[in-house]
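Data block below; observations after.
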Amino acid sequence: MKDKDRKLYLSSLTDKLVRGEMGRRDFLRLSGALGLGAGALGMGLGPRPYLGVSSAQAQEAVQPSADVIAWLKEVGKPFAGTTLKLATESTPPSNAINSQLKKYFEEATGIKVEIEVLPLEQVLQKLTLDVASSLGTYDLYYIDQSWAASFSQDVFDPREQISAKPDLAMPNYNIDDFLPALVDGIAMYEDRMVGVPYDIPIFIMIYRKDVYEELGLKAPTTFEELYNNSKAITDKKGPNLFGYAGQMKSGHYALECEWTSMLWGHGGSIFRTDGTFSGNDEQGIAALDYYTKLKATMPPGVDGWTWDGQGQAVAQGVAASMLSWGEFFPYFDDPTQTKVSGLCEAVIPPQPIALRTVKDTGYGEIPGVGHQGGSSLAVSKYSKSPDAAWLFMQWATCADTQALITVLGGGTGPTRASVYDDPRVKANARVGAGTTRHLPVVRETIAKYMGSEPDLPEWAQLSSDTIPVSLGKYFAGGYGSSKEAMDDIAAQVGEVLKG
């Protein structure tokens, strides 16, 4: 099938999914056969935690760089009156730019920016139609990491843009400032840079310091300590307070994420170097047995929770810890939203019992307890105004704008190294809405403990259907043992990979 025909067919499949004319399972199977690594469609992140700050705080906090504004005014003159369009998932960067920051860009350049914030499958629908038809309806693309391979030829490599358009290059943009682990894990496909790292949800350890101190416990540094602490809290405080909150909804990507983190933490991997499923080896069985044991310390109903239910369990004082997306931490610190403001602390994930390297796995899988799910921002090759779009992309991802996003967007993890050290970001490292006091932990986790899922077309179906459905069946008592469950998953994975 020719590339254009493949993209037209993929576009039709995505349209059917969005319109409800096709089930998610069939979509994942067919899109995977076309080479789309659409695993993130299983995430269903929905409205991710975004707090912003009050208008009074915003007036004080938002101080765009005078140098950046002066550059925009000068370089943007030829593009005044242009309209740019971007379709994006609801992410802290997109929400902060759309609600509070883009006005500064528009006022300085005369360029209007229309940002559509949509569910992820609708973002994919817009993207696939645009590239299949070469319409250029959208000037900028939000590229989930699992889509990088499919759309790498439909966007400009930002390094090429910097080289080819020196007159449009932002002073001190410094592409080398993006965290190397994110460039390699999110933005690169083969030798092409598919945009620049834009958003980085990542697992960190969050726990109730007050509860831990009351019971004489220390922040968990190992999986054994995490279990022992969780059991001690549940035994002492249950049924009003439980030791740990999981994200264990049967058939949902959230369950696969948590299982994967624990699998990696026990020295296991999803795939062997020969491409066969390895979750049923000795380390994989040990990981599932541990997960089963840990589940006994969790609140009833955890089988129905994605990360949203997990986060709410901590926010409402039902559970005392979780290993999950760092974006929740600023939400927990907001006294108007939760019952635990100032009571939570963030630390790096528990250290793995053992850890395989990428050389020990298949399909580029990178084991690491800090499970990540990032994305990139790129300029479309079909844009009718690619130069104006490049100006916006540089502004939206420069260090100054990222610092403002981090302060206004609820403490999301920056993708640039320098932003972690920005005085405005550090000034927000205090208890309260939009806190950034967890960011040193996020930074360290990205650099040292980040885990990335395998990159293969079938991963869409495996991560969002095959694996979490069977794990849900196991936790519901549908298998006689963890070994039986993992062996069955291995057999199913083998069938999917056969095609």
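The values are calculated or read from the model by the stated rules, or taken from the named source; none is laboratory data. Everything quoted here is computed from the prediction, not taken from an experiment. Neighbour counts are summed over all protein chains in view; Cβ atoms, including those assigned to glycine, are modelled from backbone coordinates with ideal geometry. Side chains are part of the model used for accessible areas, which takes the heavy atoms of the whole protein and leaves out ligands, DNA and RNA. Shrake-Rupley method; radii C 1.70, N 1.55, O 1.52, S 1.80 Å.
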Point to revise | Candidate set: segment 413-427, residues that are open to solvent by less than 20 Å² (accessible area, probe 1.4 Å) and touching a Lys or Arg at 6+ places or on another chain (Cβ under 9 Å); chosen: the one farthest from residue 94 (Cα to Cα) | key: 420
Practice item. Within segment 250-258, identify whether any single residue is among the acidic types (Asp, Glu) and open to solvent by less than 10 Å² (accessible area, probe 1.4 Å), and answer yes or no. Key: yes
**Study point:** Any chance residue 389 is more than 30 Å from residue 285 (Cβ to Cβ), modelled with pLDDT of 95 or more and buried (at least 24 other Cβ atoms within 10 Å of the Cβ)
**Key:** yes
Check your understanding: Can you tell me which of 88, 109, 82 is touching a Leu at 6+ places or on another chain (Cβ under 6 Å), hydroxyl-bearing (Ser, Thr, Tyr) and open to solvent by less than 50 Å² (accessible area, probe 1.4 Å)?
Key -> 109
Check your understanding: Which residues, taken from segment 121-143, are surrounded by fewer than 23 Cβ atoms within 10 Å (Cβ to Cβ) and either touching a residue at least 60 places away in the same chain (Cβ under 8 Å) or of a type in the set (Phe, Trp, Tyr) (or both)?
Key -> 121, 122, 125, 129, 132, 133, 134, 135, 136
**Study point:** Residues of segment 117-136 satisfying the condition of being over 19 Å from the mean Cα position of the chain (by Cα) and more than 12 Å from residue 389 (Cα to Cα)
**Key:** 125, 126, 128, 129, 130, 131, 132, 133, 134, 135
Point to revise | Filter result (touching a helix residue (DSSP H, G or I) at 6+ places or on another chain (Cβ under 8 Å) and assigned to a helix (DSSP H, G or I)) within segment 314-336 | key: 314, 315, 328, 331, 332
Check your understanding: How about segment 1-94: which helices (runs of 4 or more DSSP H) wholly inside it have at least 2 residues that are at pLDDT 65 or above?
Key -> 3-18, 24-33, 66-75
Study note, to complete from the structure: Looking across segment 157-211 at residues that are buried (at least 23 other Cβ atoms within 10 Å of the Cβ) and aromatic (Phe, Trp, Tyr), the single one that is farthest from residue 234 (Cα to Cα) is 178
Practice item. Please enumerate the residues belonging to segment 128-164 that are aliphatic (A, V, I, L, M) and in contact with a Leu (Cβ under 6 Å, 6 or more places away or on another chain). Key: 132, 140
Exercise for review: Could you tell me whether residue 270 is in contact (Cβ under 8 Å) with a residue 40 or more places away in the chain, surrounded by 24 or more Cβ atoms within 10 Å (Cβ to Cβ) and closer than 25 Å to residue 372 by Cβ?
Suggested key: yes
Revision key, fill the gap. Picking from 317, 311, 301, 284, the residue that is in contact (Cβ under 8 Å) with a residue 12 or more places away in the chain, farther than 24 Å from residue 368 by Cβ and of a type outside the set (A, V, I, L, M) would be 317
Check your understanding: residue 146: open to solvent by less than 10 Å² (accessible area, probe 1.4 Å), closer than 18 Å to residue 190 by Cβ, touching an Asp or Glu at 6+ places or on another chain (Cβ under 8 Å) and of a type in the set (S, T, N, Q), yes or no?
Key -> no
Revision key, fill the gap. Taking segment 212-249 and keeping residues touching a strand residue (DSSP E or B) at 6+ places or on another chain (Cβ under 8 Å), under 29 Å from residue 452 (Cβ atoms) and crowded, with 17+ Cβ neighbours inside 10 Å leaves 219, 220, 223, 226, 229, 230, 243, 244, 245, 246, 247
Practice item. For segment 395-418, indicate whether the set of residues that are in contact (Cβ under 8 Å) with a residue 60 or more places away in the chain, in a strand (DSSP E or B) and more than 19 Å from residue 114 (Cβ to Cβ) is non-empty. Key: yes
Exercise for review: May I ask you to list the residues in segment 330-361 that are hydroxyl-bearing (Ser, Thr, Tyr), open to solvent by 50 Å² or more (accessible area, probe 1.4 Å) and over 22 Å from the mean Cα position of the chain (by Cα)?
Suggested key: 336
